[in-house]
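Trainee: Would you mind keeping the following structure in view while I ask a few things?
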């Protein structure tokens, strides 16, 4: 028969066993071969103002200007710049008509703008001369189908012109000098006047003799 003292010892041992078993059940096991997680450091972002010459887009009638891949209008259009926008200037074309600017997002990170649309700051900045990239060649060469073109070619039959007949020669009348009014070298008028005077004199003489 269990006495009172043995009963107390038995209950105490049972209570201690329950406490130990409950603690072991609620504890989270820790794996020895699993490395502890560490926070990844985030590098600080450094921001600053670009140094060197800047190209400032002039305020004009257009709200934006074109940005091209080369210093000619035949190069591809790669973007635009707004009026008043500032970008770093990296160089200029051999003729000075185009400015090479820093333009992220395109191949090489650089592009070209027309020099009359921007102002370089500071004004005394000297930009190096940069050789332009190769001129882009057209991707597709237009060709004409000779069979299709032949359908629109109209061949005209030659028309024979009538035979040219020369007109008859013109009969141009000729005039001869009138020599009937001149006797020798004396005009006919003088001869008539002389005969009239002579007749008048004869008449006067004949009238005088009759008296």
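Trainee: Fully extended, how many nm does the chain gain between residue 85 and residue 124 (0.36 nm per residue separation, minus their Cα-Cα distance)?
Mentor: Difference between extended and current length: 12.1 nm.
Trainee: Can I ask one more? Order of 58-66, 115-123, 154-162 by packing, highest average Cβ count within 10 Å first? Kindly include the intermediate steps, with their values, before the conclusion.
Mentor: Working: 58-66: 12.2, 115-123: 14.2, 154-162: 5.1.
Descending packing order for the listed peptides: 115-123, 58-66, 154-162.
Trainee: Please report the relative contact order for region 54-121, taking Cα pairs under 8 Å with a sequence separation of at least 6, and give it as a percent rounded to a whole number.
Mentor: So the answer I get is 37 percent.
Trainee: What is the order of 86, 151, fewest Cβ neighbours within 10 Å to most? Intermediate values should be presented prior to the final figure.
Mentor: Values: 86 16, 151 8.
Going from least to most buried by this count: 151, 86.
Trainee: Also, quick follow-up: How large is the Kirkwood hydrodynamic radius of region 54-121, counting all unique pairs of alpha carbons, in Å?
Mentor: 11.7
Trainee: Okay, next question. What is the spin-label model distance, in nm, from residue 56 to residue 16 if the labels are put 7 Å beyond Cα along the C-beta direction?
Mentor: Modelled inter-label distance: 8.8 nm.
Trainee: Okay, moving on. Could you give the nm distance between label points at residue 174 and residue 135, where each point is 7 Å from its Cα heading toward the beta carbon?
Mentor: Between residue 174 and residue 135, the label points sit 7.5 nm apart.
A short reminder: the numbers here are calculations on the coordinates, not readings from a lab. From a predicted model like this one, the values you see are computed outputs, not experimental measurements. Note that each Cβ is placed from the backbone with ideal geometry, even for glycine, and that neighbours are counted across all protein chains shown.
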